[in-house]
Each structure stands twice: as C-alpha cells, then as structure tokens.
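A quick write-up on the structure given underneath.
The values are calculated or read from the model by the stated rules, or taken from the named source; none is laboratory data. Source: prediction; values computed, not measured. Counting neighbours? That spans all protein chains shown, and the Cβs are built from the backbone with ideal geometry, glycine included.
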Amino acid sequence: MGEGEAVLYGSDECDESRAMADLLRELGVDFRFRVVNRDSVAMREWEQLDGERVPMLRMGNHSIVRGFDRIKIQQLFGWVGC
C-alpha cells in the first residue's frame, strides 16, 4: 500500500459506507472501496486492521478513521481547522 493511498472498507448495504464514499468523492479524494460483505480478501484485510465497524478509512499506514466522521475526514484532507 502506498504512503498516501486511501482505502475505504465498507458494506454496500450500509448507509454510512455510502455516505463516506460520497464525501470522499466530494473532497476529490482518490480511494479504493473494498466491500467487506462481498469480498473475502477485503474482509480479511479489514479484520486484520480491527474489524470493529464499517465504514473504516485507511490512509497509507498512518491514519485510520472508524465510522462516518465527517469532521475527522475533512481534517485529514485539510478542509477544516483542528
């Protein structure tokens, strides 16, 4: 995984996963959407990270956002102050 690569782990049945994907697109973030409820490899990756809840956004090897947290995501990408 690249230093700044964004991966969104989510479920295609989860409103929060869809909302986070929409927000990332709105912010112009390039990301891969890994659907854990349909892809066993994505499920294992997500479980190894912690598998606690979806959506979960991983940025490179540094930042993880669990759940749909608009403010944290905007801060991560520099859209709002701390």
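Just to be sure I understand the filter: pairs with C-beta atoms under 8 Å, separated by 6 or more residues or on different chains, first member in the range 64-82 and of a type in the set (Gly, Ala, Ser), second member at pLDDT 85 or above. Which pairs pass?
Hits for this filter: Gly67/Glu16; Gly67/Arg53; Gly67/Pro55; Gly67/Met56; Gly81/Gln75.
Just checking, does the range 34-55 include any residue being part of a strand (DSSP E or B), β-branched (Val, Ile, Thr) and at pLDDT below 95?
The answer is no, given that none of the residues of the range 34-55 is part of a strand (DSSP E or B), β-branched (Val, Ile, Thr) and at pLDDT below 95.
Output the residue which, of all residues in the range 22-52 that are hydrophobic (A, V, I, L, M, F, W, C) and touching a strand residue (DSSP E or B) at 6+ places or on another chain (Cβ under 6 Å), is nearest to Ile71 (Cα to Cα).
Leu24
With respect to the numbered conditions (1) at pLDDT 95 or above; (2) over 20 Å from Lys72 (Cα atoms), which one is the sole condition not fulfilled by Ser17?
Unmet condition: (2).
Quick one: in the range 64-82, which of the residues that are in contact with a strand residue (DSSP E or B) (Cβ under 8 Å, 6 or more places away or on another chain) and within 13 Å of Leu8 (Cα to Cα) is surrounded by the most Cβ atoms within 10 Å (Cβ to Cβ)?
Step by step, filter the range 64-82, then rank; the result is Ile73.
Where residues in the range 26-43 are surrounded by fewer than 12 Cβ atoms within 10 Å (Cβ to Cβ) and without any contact (Cβ under 8 Å) to a residue 24 or more places away in the chain, which of them is farthest from Gly4 (Cα to Cα)?
By that ranking, first place goes to Ser40.
Residue by residue through the range 56-82, note down the ones that are part of a loop (DSSP other than H, G, I, E, B) and charged (D, E, K, R).
The answer is Asp69, and nothing else.
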